[in-house]
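> If you scroll down you'll find the structure; I have some questions about it.
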Amino acid sequence: MERYLDGQELSIEEVAHALKDAVTRGEVFPVACGVASKNLGTTALLDLLVEGVPSPAKRGEPIEIPNTQTAAFVFKTIADPFAGRINVFRVLHGTAGGDTTLVNPRTHGKERIGQVLLLQGKEHTQTPELSTGDIGAVAKLKDVATGDVLLDHEEPIELPKIDFPEPVMSFAITPKAKGDEEKMAAGLRRLSEEDPTIQLRRDPQTGEQLLSGLSQMHVEVAVQRLKSRFNVEVNLQQPRVPYLETIRRDARARARYKKQTGGRGQFGDATIVLEPLDGHTGYEFVDKIVGGVIPQGFRPAVDKGIQEAMQRGELAGAPVQGVRVLLVDGSYHSVDSSEMAFKIAGSMAFKSAYEQADPVLLEPIMEVEVTTPDDAVGAVNGDLNSRRGRLQGMEPQGGMTSIKAEVPMAEILTYSQALTSMTGGRGDYHMQFLRYEEVPPHIAQKVIEQTKEKEEVKA
(Lines give C-alpha, C1' and ligand atoms only; values in the text may rest on other atoms or scores of the structure.)
Protein backbone atom coordinates (compact mmCIF):
# COMPACT_ATOMS: atom_id res chain seq x y z
CA MET A 1 0.00 0.00 0.00
CA GLU A 2 2.85 2.37 0.84
CA ARG A 3 4.48 1.67 -2.54
CA TYR A 4 1.19 2.34 -4.29
CA LEU A 5 0.71 5.65 -2.46
CA ASP A 6 4.27 6.62 -3.37
CA GLY A 7 3.31 6.28 -7.03
CA GLN A 8 5.24 3.08 -7.73
CA GLU A 9 3.93 0.57 -10.22
CA LEU A 10 2.61 -2.72 -8.82
CA SER A 11 2.53 -5.82 -11.00
CA ILE A 12 -0.56 -8.00 -11.27
CA GLU A 13 1.42 -10.86 -9.75
CA GLU A 14 2.33 -8.76 -6.69
CA VAL A 15 -1.27 -7.69 -6.11
CA ALA A 16 -2.55 -11.26 -6.54
CA HIS A 17 0.08 -12.60 -4.15
CA ALA A 18 -0.73 -9.97 -1.50
CA LEU A 19 -4.47 -10.57 -1.89
CA LYS A 20 -4.10 -14.33 -1.63
CA ASP A 21 -1.87 -13.96 1.42
CA ALA A 22 -4.39 -11.67 3.18
CA VAL A 23 -7.29 -14.02 2.36
CA THR A 24 -5.32 -16.99 3.68
CA ARG A 25 -4.78 -15.18 7.00
CA GLY A 26 -8.51 -14.33 7.18
CA GLU A 27 -7.89 -10.56 7.00
CA VAL A 28 -9.58 -9.90 3.66
CA PHE A 29 -12.80 -11.36 2.27
CA PRO A 30 -13.17 -10.82 -1.49
CA VAL A 31 -16.62 -10.12 -2.94
CA ALA A 32 -17.65 -10.71 -6.55
CA CYS A 33 -20.70 -9.28 -8.33
CA GLY A 34 -22.93 -11.31 -10.61
CA VAL A 35 -26.44 -11.91 -11.91
CA ALA A 36 -27.47 -15.52 -11.38
CA SER A 37 -30.58 -15.35 -13.58
CA LYS A 38 -28.55 -14.23 -16.62
CA ASN A 39 -25.27 -16.02 -15.81
CA LEU A 40 -23.32 -12.75 -15.68
CA GLY A 41 -20.07 -12.41 -13.73
CA THR A 42 -19.18 -16.10 -13.75
CA THR A 43 -15.82 -15.58 -15.47
CA ALA A 44 -14.86 -12.77 -13.08
CA LEU A 45 -15.73 -15.00 -10.13
CA LEU A 46 -13.58 -17.84 -11.45
CA ASP A 47 -10.67 -15.44 -12.06
CA LEU A 48 -11.03 -14.18 -8.49
CA LEU A 49 -10.96 -17.73 -7.14
CA VAL A 50 -7.72 -18.40 -9.04
CA GLU A 51 -6.02 -15.12 -8.17
CA GLY A 52 -7.37 -14.33 -4.73
CA VAL A 53 -8.14 -17.58 -2.92
CA PRO A 54 -5.59 -20.02 -1.46
CA SER A 55 -4.75 -23.01 -3.64
CA PRO A 56 -6.31 -26.37 -2.66
CA ALA A 57 -2.72 -27.66 -2.58
CA LYS A 58 -2.35 -25.70 0.68
CA ARG A 59 -4.70 -28.02 2.44
CA GLY A 60 -3.33 -27.35 5.90
CA GLU A 61 -3.80 -29.85 8.69
CA PRO A 62 -6.59 -32.38 8.12
CA ILE A 63 -9.52 -32.33 10.55
CA GLU A 64 -8.85 -35.07 13.06
CA ILE A 65 -11.88 -37.26 13.83
CA PRO A 66 -11.07 -39.84 16.53
CA ASN A 67 -11.34 -43.51 15.70
CA THR A 68 -12.10 -42.99 12.01
CA GLN A 69 -10.04 -43.52 8.89
CA THR A 70 -12.42 -41.80 6.45
CA ALA A 71 -14.61 -38.72 6.89
CA ALA A 72 -16.38 -36.77 4.12
CA PHE A 73 -18.48 -33.61 4.52
CA VAL A 74 -21.46 -33.13 2.16
CA PHE A 75 -21.71 -29.39 1.49
CA LYS A 76 -23.96 -29.25 -1.59
CA THR A 77 -26.74 -31.23 -3.24
CA ILE A 78 -27.62 -31.07 -6.95
CA ALA A 79 -31.07 -32.10 -8.21
CA ASP A 80 -30.47 -33.66 -11.61
CA PRO A 81 -33.65 -34.73 -13.49
CA PHE A 82 -31.79 -37.69 -15.05
CA ALA A 83 -29.13 -38.76 -12.53
CA GLY A 84 -31.30 -37.96 -9.51
CA ARG A 85 -29.78 -36.48 -6.40
CA ILE A 86 -26.03 -35.80 -6.60
CA ASN A 87 -24.22 -35.08 -3.32
CA VAL A 88 -21.04 -33.01 -3.52
CA PHE A 89 -18.59 -33.62 -0.67
CA ARG A 90 -15.09 -32.80 0.55
CA VAL A 91 -12.87 -35.45 2.07
CA LEU A 92 -11.93 -34.23 5.54
CA HIS A 93 -9.84 -37.20 6.50
CA GLY A 94 -8.51 -40.33 4.79
CA THR A 95 -9.65 -41.46 1.35
CA ALA A 96 -13.04 -42.04 -0.26
CA GLY A 97 -13.26 -44.45 -3.18
CA GLY A 98 -15.89 -46.25 -5.20
CA ASP A 99 -17.58 -49.46 -4.03
CA THR A 100 -17.10 -48.65 -0.33
CA THR A 101 -19.70 -48.25 2.43
CA LEU A 102 -19.85 -45.25 4.74
CA VAL A 103 -22.16 -44.48 7.67
CA ASN A 104 -24.31 -41.37 8.15
CA PRO A 105 -24.38 -40.63 11.92
CA ARG A 106 -27.51 -38.44 11.50
CA THR A 107 -29.65 -41.28 10.14
CA HIS A 108 -27.55 -44.19 11.50
CA GLY A 109 -27.87 -45.65 8.01
CA LYS A 110 -25.23 -47.16 5.75
CA GLU A 111 -24.56 -45.55 2.38
CA ARG A 112 -22.88 -47.42 -0.45
CA ILE A 113 -20.53 -45.17 -2.41
CA GLY A 114 -20.74 -46.07 -6.08
CA GLN A 115 -18.85 -44.20 -8.75
CA VAL A 116 -16.95 -41.18 -7.44
CA LEU A 117 -17.12 -38.22 -9.79
CA LEU A 118 -15.12 -35.08 -10.40
CA LEU A 119 -17.35 -32.18 -11.47
CA GLN A 120 -16.25 -29.65 -14.06
CA GLY A 121 -19.28 -27.67 -15.13
CA LYS A 122 -21.59 -30.16 -16.85
CA GLU A 123 -18.77 -32.66 -17.30
CA HIS A 124 -18.63 -35.56 -14.83
CA THR A 125 -15.38 -37.53 -14.81
CA GLN A 126 -15.00 -40.79 -12.91
CA THR A 127 -12.09 -41.19 -10.51
CA PRO A 128 -11.05 -44.24 -8.47
CA GLU A 129 -10.72 -42.36 -5.17
CA LEU A 130 -10.34 -38.97 -3.48
CA SER A 131 -7.94 -38.10 -0.69
CA THR A 132 -7.87 -35.51 2.11
CA GLY A 133 -8.90 -32.06 0.87
CA ASP A 134 -10.30 -33.27 -2.47
CA ILE A 135 -13.79 -32.36 -3.64
CA GLY A 136 -15.95 -34.83 -5.54
CA ALA A 137 -19.50 -36.08 -5.93
CA VAL A 138 -21.52 -39.25 -5.78
CA ALA A 139 -25.03 -39.98 -7.05
CA LYS A 140 -28.00 -41.97 -5.77
CA LEU A 141 -27.26 -42.06 -2.06
CA LYS A 142 -30.31 -43.12 -0.05
CA ASP A 143 -30.73 -40.49 2.64
CA VAL A 144 -27.95 -37.91 2.61
CA ALA A 145 -28.57 -34.17 2.88
CA THR A 146 -26.45 -31.04 2.77
CA GLY A 147 -24.53 -30.74 6.03
CA ASP A 148 -24.17 -34.49 6.67
CA VAL A 149 -20.85 -36.18 7.46
CA LEU A 150 -20.10 -39.68 6.17
CA LEU A 151 -17.72 -41.90 8.18
CA ASP A 152 -16.25 -45.36 7.72
CA HIS A 153 -18.07 -46.45 10.89
CA GLU A 154 -20.56 -44.77 13.20
CA GLU A 155 -18.97 -42.31 15.58
CA PRO A 156 -20.60 -39.42 17.49
CA ILE A 157 -19.34 -36.27 15.81
CA GLU A 158 -20.32 -32.62 15.73
CA LEU A 159 -19.04 -30.29 13.05
CA PRO A 160 -20.07 -26.64 12.73
CA LYS A 161 -23.52 -26.62 11.12
CA ILE A 162 -24.33 -24.65 8.00
CA ASP A 163 -26.74 -21.92 9.12
CA PHE A 164 -29.15 -21.25 6.28
CA PRO A 165 -31.13 -17.99 6.35
CA GLU A 166 -34.87 -18.29 6.90
CA PRO A 167 -37.13 -17.59 3.88
CA VAL A 168 -38.77 -14.15 4.09
CA MET A 169 -41.10 -14.06 1.05
CA SER A 170 -43.88 -16.50 0.18
CA PHE A 171 -46.08 -16.98 -2.87
CA ALA A 172 -49.12 -19.16 -3.38
CA ILE A 173 -48.18 -21.61 -6.14
CA THR A 174 -50.46 -23.64 -8.41
CA PRO A 175 -49.65 -25.69 -11.54
CA LYS A 176 -50.85 -24.28 -14.87
CA ALA A 177 -51.93 -27.72 -16.08
CA LYS A 178 -54.48 -29.73 -14.16
CA GLY A 179 -53.06 -32.94 -12.80
CA ASP A 180 -49.53 -31.54 -12.39
CA GLU A 181 -49.83 -31.13 -8.62
CA GLU A 182 -47.71 -34.20 -7.85
CA LYS A 183 -45.08 -33.34 -10.48
CA MET A 184 -44.88 -29.79 -9.09
CA ALA A 185 -44.49 -30.98 -5.50
CA ALA A 186 -41.89 -33.62 -6.44
CA GLY A 187 -39.86 -31.13 -8.49
CA LEU A 188 -39.90 -28.50 -5.73
CA ARG A 189 -38.86 -31.11 -3.16
CA ARG A 190 -35.85 -31.93 -5.35
CA LEU A 191 -35.00 -28.24 -5.70
CA SER A 192 -35.28 -27.71 -1.93
CA GLU A 193 -32.75 -30.53 -1.44
CA GLU A 194 -30.42 -28.53 -3.67
CA ASP A 195 -31.26 -25.20 -2.01
CA PRO A 196 -32.49 -25.56 1.59
CA THR A 197 -33.57 -21.88 1.65
CA ILE A 198 -36.40 -22.80 -0.77
CA GLN A 199 -39.34 -24.23 1.16
CA LEU A 200 -42.67 -25.67 0.05
CA ARG A 201 -45.46 -26.07 2.59
CA ARG A 202 -49.25 -26.14 2.74
CA ASP A 203 -51.02 -23.54 4.84
CA PRO A 204 -53.39 -25.64 6.98
CA GLN A 205 -55.89 -22.77 7.24
CA THR A 206 -56.10 -21.42 3.69
CA GLY A 207 -55.22 -24.74 2.03
CA GLU A 208 -52.77 -23.00 -0.31
CA GLN A 209 -49.40 -24.43 -1.35
CA LEU A 210 -46.83 -21.79 -0.36
CA LEU A 211 -43.39 -21.49 -1.98
CA SER A 212 -41.00 -19.44 0.17
CA GLY A 213 -37.59 -17.97 -0.59
CA LEU A 214 -35.19 -15.17 0.29
CA SER A 215 -36.58 -12.71 -2.27
CA GLN A 216 -38.94 -12.46 -5.21
CA MET A 217 -36.03 -13.09 -7.60
CA HIS A 218 -35.05 -16.17 -5.59
CA VAL A 219 -38.54 -17.66 -5.94
CA GLU A 220 -38.76 -16.75 -9.64
CA VAL A 221 -35.42 -18.47 -10.35
CA ALA A 222 -36.72 -21.59 -8.59
CA VAL A 223 -39.82 -21.51 -10.78
CA GLN A 224 -37.64 -21.22 -13.90
CA ARG A 225 -35.61 -24.24 -12.79
CA LEU A 226 -38.84 -26.15 -12.17
CA LYS A 227 -39.86 -25.50 -15.77
CA SER A 228 -36.48 -26.19 -17.40
CA ARG A 229 -35.55 -29.28 -15.38
CA PHE A 230 -38.88 -30.92 -14.59
CA ASN A 231 -41.13 -29.49 -17.34
CA VAL A 232 -43.70 -28.07 -14.90
CA GLU A 233 -45.14 -24.59 -15.37
CA VAL A 234 -46.77 -22.83 -12.41
CA ASN A 235 -48.61 -19.65 -11.45
CA LEU A 236 -47.49 -17.45 -8.55
CA GLN A 237 -49.90 -15.29 -6.56
CA GLN A 238 -49.87 -13.37 -3.31
CA PRO A 239 -50.88 -15.78 -0.52
CA ARG A 240 -54.15 -15.26 1.34
CA VAL A 241 -53.80 -13.89 4.85
CA PRO A 242 -54.93 -16.55 7.40
CA TYR A 243 -57.57 -14.44 9.16
CA LEU A 244 -59.53 -15.77 12.12
CA GLU A 245 -62.87 -14.78 13.64
CA THR A 246 -63.94 -14.55 17.28
CA ILE A 247 -66.67 -13.10 19.50
CA ARG A 248 -66.70 -10.24 22.01
CA ARG A 249 -69.80 -10.95 24.12
CA ASP A 250 -72.06 -13.73 25.39
CA ALA A 251 -74.98 -14.96 23.32
CA ARG A 252 -77.69 -17.63 23.70
CA ALA A 253 -79.56 -19.52 21.00
CA ARG A 254 -81.83 -22.53 20.58
CA ALA A 255 -82.12 -24.63 17.44
CA ARG A 256 -84.59 -27.40 16.73
CA TYR A 257 -84.04 -29.69 13.76
CA LYS A 258 -87.14 -31.65 12.78
CA LYS A 259 -87.66 -33.58 9.59
CA GLN A 260 -90.41 -36.04 8.72
CA THR A 261 -90.42 -37.70 5.30
CA GLY A 262 -92.33 -40.86 5.98
CA GLY A 263 -91.10 -43.62 8.22
CA ARG A 264 -88.59 -42.71 10.87
CA GLY A 265 -87.97 -38.93 11.14
CA GLN A 266 -85.13 -36.79 12.44
CA PHE A 267 -85.34 -34.74 15.62
CA GLY A 268 -82.71 -32.78 17.57
CA ASP A 269 -83.16 -29.82 19.93
CA ALA A 270 -80.27 -27.97 21.59
CA THR A 271 -79.82 -24.69 23.48
CA ILE A 272 -76.30 -23.27 23.81
CA VAL A 273 -74.56 -20.24 25.30
CA LEU A 274 -71.45 -18.73 23.69
CA GLU A 275 -68.80 -17.01 25.80
CA PRO A 276 -65.55 -15.34 24.60
CA LEU A 277 -62.27 -16.82 25.86
CA ASP A 278 -59.37 -14.64 26.98
CA GLY A 279 -56.72 -14.10 24.32
CA HIS A 280 -59.10 -14.94 21.46
CA THR A 281 -57.62 -18.46 21.28
CA GLY A 282 -58.84 -21.97 21.91
CA TYR A 283 -62.20 -23.73 22.08
CA GLU A 284 -64.05 -25.27 25.02
CA PHE A 285 -67.23 -27.33 25.11
CA VAL A 286 -68.94 -27.53 28.50
CA ASP A 287 -71.77 -29.99 29.12
CA LYS A 288 -74.29 -28.30 31.46
CA ILE A 289 -77.21 -30.66 30.79
CA VAL A 290 -79.15 -31.60 33.94
CA GLY A 291 -81.77 -34.29 34.22
CA GLY A 292 -81.09 -36.04 30.92
CA VAL A 293 -83.07 -33.69 28.65
CA ILE A 294 -80.51 -34.73 26.03
CA PRO A 295 -79.19 -38.30 26.40
CA GLN A 296 -75.48 -38.66 27.06
CA GLY A 297 -74.93 -40.41 23.73
CA PHE A 298 -76.17 -37.42 21.71
CA ARG A 299 -74.20 -34.64 23.42
CA PRO A 300 -70.87 -35.29 21.63
CA ALA A 301 -72.79 -34.95 18.34
CA VAL A 302 -73.79 -31.39 19.33
CA ASP A 303 -70.10 -30.63 20.01
CA LYS A 304 -69.10 -32.07 16.63
CA GLY A 305 -71.72 -30.01 14.79
CA ILE A 306 -70.51 -26.83 16.51
CA GLN A 307 -66.86 -27.51 15.64
CA GLU A 308 -67.77 -28.07 11.99
CA ALA A 309 -69.71 -24.77 11.94
CA MET A 310 -66.67 -23.02 13.46
CA GLN A 311 -64.54 -23.96 10.44
CA ARG A 312 -66.19 -21.15 8.49
CA GLY A 313 -67.30 -17.96 10.24
CA GLU A 314 -70.09 -15.72 9.00
CA LEU A 315 -67.94 -12.60 8.50
CA ALA A 316 -65.21 -13.57 6.02
CA GLY A 317 -65.46 -17.35 5.97
CA ALA A 318 -62.45 -17.64 8.34
CA PRO A 319 -62.21 -20.22 11.15
CA VAL A 320 -63.65 -19.18 14.52
CA GLN A 321 -61.43 -19.23 17.62
CA GLY A 322 -61.60 -18.10 21.26
CA VAL A 323 -65.06 -19.50 22.04
CA ARG A 324 -66.47 -21.40 25.01
CA VAL A 325 -69.76 -23.23 24.27
CA LEU A 326 -72.09 -24.26 27.07
CA LEU A 327 -74.74 -26.85 26.22
CA VAL A 328 -77.47 -25.86 28.69
CA ASP A 329 -80.78 -27.33 27.51
CA GLY A 330 -82.60 -29.29 24.83
CA SER A 331 -85.01 -32.09 24.17
CA TYR A 332 -85.16 -35.37 22.26
CA HIS A 333 -87.56 -37.87 20.75
CA SER A 334 -87.28 -41.48 21.83
CA VAL A 335 -87.68 -42.74 18.23
CA ASP A 336 -86.70 -39.95 15.83
CA SER A 337 -83.63 -38.52 17.58
CA SER A 338 -80.19 -39.46 16.22
CA GLU A 339 -76.58 -38.30 16.33
CA MET A 340 -76.97 -36.70 12.90
CA ALA A 341 -80.04 -34.73 14.03
CA PHE A 342 -78.23 -33.36 17.10
CA LYS A 343 -75.15 -32.59 15.04
CA ILE A 344 -77.26 -30.46 12.68
CA ALA A 345 -79.05 -28.84 15.64
CA GLY A 346 -75.70 -27.94 17.24
CA SER A 347 -74.48 -26.37 14.00
CA MET A 348 -77.70 -24.35 13.61
CA ALA A 349 -77.60 -23.18 17.24
CA PHE A 350 -73.98 -22.03 16.92
CA LYS A 351 -74.65 -20.01 13.75
CA SER A 352 -77.65 -18.33 15.35
CA ALA A 353 -75.78 -17.45 18.58
CA TYR A 354 -72.65 -16.35 16.67
CA GLU A 355 -74.53 -13.60 14.85
CA GLN A 356 -75.61 -12.15 18.23
CA ALA A 357 -72.18 -12.43 19.90
CA ASP A 358 -70.59 -9.34 18.25
CA PRO A 359 -68.21 -11.29 15.94
CA VAL A 360 -64.95 -9.62 14.87
CA LEU A 361 -62.13 -10.40 12.45
CA LEU A 362 -58.63 -11.23 13.72
CA GLU A 363 -55.39 -10.84 11.76
CA PRO A 364 -51.91 -12.32 12.35
CA ILE A 365 -49.32 -9.90 13.75
CA MET A 366 -45.68 -10.56 12.84
CA GLU A 367 -42.60 -9.73 14.88
CA VAL A 368 -40.22 -8.10 12.40
CA GLU A 369 -36.53 -7.26 12.81
CA VAL A 370 -35.06 -5.05 10.08
CA THR A 371 -31.34 -4.38 9.66
CA THR A 372 -30.73 -1.22 7.66
CA PRO A 373 -27.90 1.26 6.99
CA ASP A 374 -28.02 4.27 9.30
CA ASP A 375 -28.83 6.66 6.44
CA ALA A 376 -32.05 4.75 5.64
CA VAL A 377 -33.43 4.48 9.20
CA GLY A 378 -35.87 7.37 8.77
CA ALA A 379 -37.29 6.00 5.52
CA VAL A 380 -37.64 2.48 6.96
CA ASN A 381 -39.37 3.71 10.12
CA GLY A 382 -41.75 5.84 8.09
CA ASP A 383 -42.57 2.92 5.83
CA LEU A 384 -43.23 0.60 8.80
CA ASN A 385 -45.58 3.20 10.30
CA SER A 386 -47.46 3.43 7.01
CA ARG A 387 -47.95 -0.35 7.19
CA ARG A 388 -49.70 -0.04 10.57
CA GLY A 389 -46.48 -1.16 12.27
CA ARG A 390 -45.65 -0.43 15.91
CA LEU A 391 -41.97 0.26 16.52
CA GLN A 392 -40.57 -1.62 19.53
CA GLY A 393 -37.01 -0.30 19.58
CA MET A 394 -33.80 0.37 17.68
CA GLU A 395 -30.23 -0.77 18.29
CA PRO A 396 -27.12 0.59 16.51
CA GLN A 397 -24.72 -2.00 15.08
CA GLY A 398 -21.71 -0.14 13.70
CA GLY A 399 -23.00 1.70 10.64
CA MET A 400 -26.17 -0.39 10.61
CA THR A 401 -29.28 -0.18 12.78
CA SER A 402 -31.52 -3.02 13.93
CA ILE A 403 -35.20 -1.99 14.08
CA LYS A 404 -37.76 -4.16 15.86
CA ALA A 405 -41.46 -3.72 15.11
CA GLU A 406 -44.82 -5.47 15.18
CA VAL A 407 -46.57 -5.39 11.80
CA PRO A 408 -49.77 -7.03 10.50
CA MET A 409 -49.01 -9.83 8.04
CA ALA A 410 -51.38 -8.33 5.47
CA GLU A 411 -49.16 -5.23 5.27
CA ILE A 412 -45.80 -6.95 4.91
CA LEU A 413 -46.34 -9.64 2.26
CA THR A 414 -44.47 -7.53 -0.32
CA TYR A 415 -42.00 -5.90 2.07
CA SER A 416 -38.87 -7.36 0.48
CA GLN A 417 -39.11 -5.21 -2.67
CA ALA A 418 -39.82 -2.05 -0.66
CA LEU A 419 -36.88 -2.62 1.69
CA THR A 420 -34.54 -3.26 -1.24
CA SER A 421 -35.65 0.01 -2.82
CA MET A 422 -35.28 2.06 0.38
CA THR A 423 -31.85 0.69 1.31
CA GLY A 424 -30.31 0.17 -2.12
CA GLY A 425 -30.24 -3.58 -1.52
CA ARG A 426 -28.27 -3.24 1.74
CA GLY A 427 -31.19 -3.89 4.08
CA ASP A 428 -32.30 -7.25 5.42
CA TYR A 429 -35.11 -8.52 7.61
CA HIS A 430 -36.66 -11.58 9.13
CA MET A 431 -40.00 -12.12 10.79
CA GLN A 432 -41.98 -14.64 12.78
CA PHE A 433 -45.58 -15.01 13.90
CA LEU A 434 -46.35 -13.25 17.19
CA ARG A 435 -50.12 -13.27 17.90
CA TYR A 436 -53.58 -12.45 16.55
CA GLU A 437 -55.24 -9.07 17.03
CA GLU A 438 -58.55 -7.48 16.03
CA VAL A 439 -58.61 -5.92 12.59
CA PRO A 440 -59.52 -2.19 12.58
CA PRO A 441 -63.21 -1.83 11.55
CA HIS A 442 -62.59 0.04 8.26
CA ILE A 443 -60.04 -2.56 7.11
CA ALA A 444 -62.19 -5.48 8.31
CA GLN A 445 -65.07 -4.17 6.19
CA LYS A 446 -62.84 -4.19 3.09
CA VAL A 447 -61.73 -7.76 3.79
CA ILE A 448 -65.33 -8.90 4.28
CA GLU A 449 -66.45 -7.20 1.04
CA GLN A 450 -63.54 -8.74 -0.92
CA THR A 451 -64.41 -12.18 0.43
CA LYS A 452 -68.04 -11.83 -0.62
CA GLU A 453 -67.01 -10.66 -4.10
CA LYS A 454 -64.74 -13.70 -4.54
CA GLU A 455 -67.54 -16.03 -3.42
CA GLU A 456 -69.93 -14.42 -5.91
CA VAL A 457 -67.38 -14.87 -8.71
CA LYS A 458 -66.92 -18.55 -7.80
CA ALA A 459 -70.70 -19.03 -7.69
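The values are calculated or read from the model by the stated rules, or taken from the named source; none is laboratory data. The structure presented is a predicted model; accordingly, all values stated were derived computationally and were not measured. Note that we place each Cβ from the backbone using ideal geometry, even for glycine, and neighbour counts take in every protein chain shown.
> Which condition does ILE157 not pass, out of (1) assigned to a loop (DSSP other than H, G, I, E, B); (2) in contact (Cβ under 8 Å) with a residue 40 or more places away in the chain; (3) within 28 Å of ARG229 (Cβ to Cβ); (4) not small (Gly, Ala, Ser), if it passes all the others?
Single failed check for ILE157: (3).
> Kindly indicate the residue of the stretch 415-440 that is surrounded by fewer than 12 Cβ atoms within 10 Å (Cβ to Cβ) and in a loop (DSSP other than H, G, I, E, B) and also modelled with the highest pLDDT among those meeting that condition.
GLY424
> Among (1) exposed (fewer than 15 other Cβ atoms within 10 Å of the Cβ); (2) in contact (Cβ under 8 Å) with a residue 24 or more places away in the chain; (3) among the acidic types (Asp, Glu), there is one condition ASP99 misses while meeting the rest; what is its number?
(2)
> Give the number of residues within the stretch 361-385 that are part of a strand (DSSP E or B) and surrounded by fewer than 17 Cβ atoms within 10 Å (Cβ to Cβ).
3
> Separate question: Check off (1) in a helix (DSSP H, G or I); (2) more than 21 Å from PRO239 (Cβ to Cβ); (3) of a type in the set (A, V, I, L, M, F, W, C) for VAL457 and give me the number that stays unchecked.
If we test VAL457 against (1) in a helix (DSSP H, G or I); (2) more than 21 Å from PRO239 (Cβ to Cβ); (3) of a type in the set (A, V, I, L, M, F, W, C), just (2) comes out false.
> Something else: So, in the stretch 390-415, of the ones that are out of contact with any Phe, Trp or Tyr (no Cβ under 8 Å at 6 or more places or on another chain) and hydroxyl-bearing (Ser, Thr, Tyr), which residue ends up farthest from GLY213 (Cα to Cα)?
THR401
> Inside the stretch 194-230, can you point out the residues that are surrounded by 17 or more Cβ atoms within 10 Å (Cβ to Cβ) and assigned to a helix (DSSP H, G or I)?
Result: GLU194, HIS218, VAL219, VAL221, ALA222, VAL223, ARG225, LEU226, PHE230.
> Here are some conditions: (1) loosely packed, with under 15 Cβ neighbours inside 10 Å; (2) small (Gly, Ala, Ser); (3) touching a Gly at 6+ places or on another chain (Cβ under 9 Å); (4) closer than 30 Å to VAL219 by Cβ. ALA139 meets all but one. Which one does it not meet?
(1)
> Related question: Take the residues of the stretch 144-196 that are under 19 Å from the mean Cα position of the chain (by Cα) and basic (Lys, Arg): which is nearest to VAL91 (Cα to Cα)?
Out of the qualifying residues, it is ARG190.
> Which residues, taken from the stretch 126-142, are hydroxyl-bearing (Ser, Thr, Tyr) and either at pLDDT below 90 or not assigned by TED's automatic domain parsing to the domain that holds PHE75 (or both)?
SER131, THR132
> Sticking with this structure for a sec: Only one of these conditions is not met by GLY393: (1) assigned to a strand (DSSP E or B); (2) touching a residue at least 40 places away in the same chain (Cβ under 8 Å). Which number is it?
(2)
> Here's a follow-up. How many of the residues making up the stretch 377-433 are closer than 24 Å to GLN450 by Cα and of a type in the set (Lys, Arg)?
Total satisfying the criteria: 2.
> Looking only at the stretch 398-414, how many residues end up being among the polar types (S, T, N, Q) and at pLDDT below 90?
Here the count works out to 1.
> Also: Assess whether GLU308 counts as being touching a helix residue (DSSP H, G or I) at 6+ places or on another chain (Cβ under 7 Å), among the charged types (D, E, K, R) and under 27 Å from VAL439 (Cα atoms).
So GLU308 fits the description; yes.
> Let me ask something else about it. Determine if the stretch 319-341 includes at least one residue that is among the hydrophobic types (A, V, I, L, M, F, W, C), in a helix (DSSP H, G or I) and either closer than 12 Å to ALA270 by Cα or at pLDDT 95 or above (or both).
Within the stretch 319-341, one or more residues are among the hydrophobic types (A, V, I, L, M, F, W, C), in a helix (DSSP H, G or I) and either closer than 12 Å to ALA270 by Cα or at pLDDT 95 or above (or both).
Conditions (1) in contact with a strand residue (DSSP E or B) (Cβ under 7 Å, 6 or more places away or on another chain); (2) among the charged types (D, E, K, R); (3) under 28 Å from HIS280 (Cβ atoms), marked per residue:
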position	(1), (2), (3)
ALA301	no, no, yes
ARG312	no, yes, yes
GLY322	yes, no, yes
LEU326	yes, no, yes
VAL335	no, no, no
ALA341	yes, no, no
SER352	yes, no, yes
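> Also, I was wondering about something else. Just checking, which of GLU395, GLU314, GLU369 is at pLDDT below 95, in contact with a helix residue (DSSP H, G or I) (Cβ under 7 Å, 6 or more places away or on another chain) and charged (D, E, K, R)?
GLU314
> Give just the number: which of (1) closer than 27 Å to ALA318 by Cβ; (2) surrounded by fewer than 18 Cβ atoms within 10 Å (Cβ to Cβ); (3) modelled with pLDDT under 90; (4) not small (Gly, Ala, Ser) does ARG388 not satisfy?
Among (1) closer than 27 Å to ALA318 by Cβ; (2) surrounded by fewer than 18 Cβ atoms within 10 Å (Cβ to Cβ); (3) modelled with pLDDT under 90; (4) not small (Gly, Ala, Ser), the lone unmet condition for ARG388 is (3).
> Scanning the stretch 172-193 for residues that are among the acidic types (Asp, Glu) and either in contact with a strand residue (DSSP E or B) (Cβ under 7 Å, 6 or more places away or on another chain) or under 27 Å from ASN87 (Cβ atoms) (or both), which turns out surrounded by the most Cβ atoms within 10 Å (Cβ to Cβ)?
Applying the filter and picking the extreme gives GLU193.
> Looking only at the stretch 258-275, count every residue that is surrounded by fewer than 19 Cβ atoms within 10 Å (Cβ to Cβ) and either closer than 11 Å to LEU326 by Cα or touching a strand residue (DSSP E or B) at 6+ places or on another chain (Cβ under 9 Å) (or both) and tell me the total.
6
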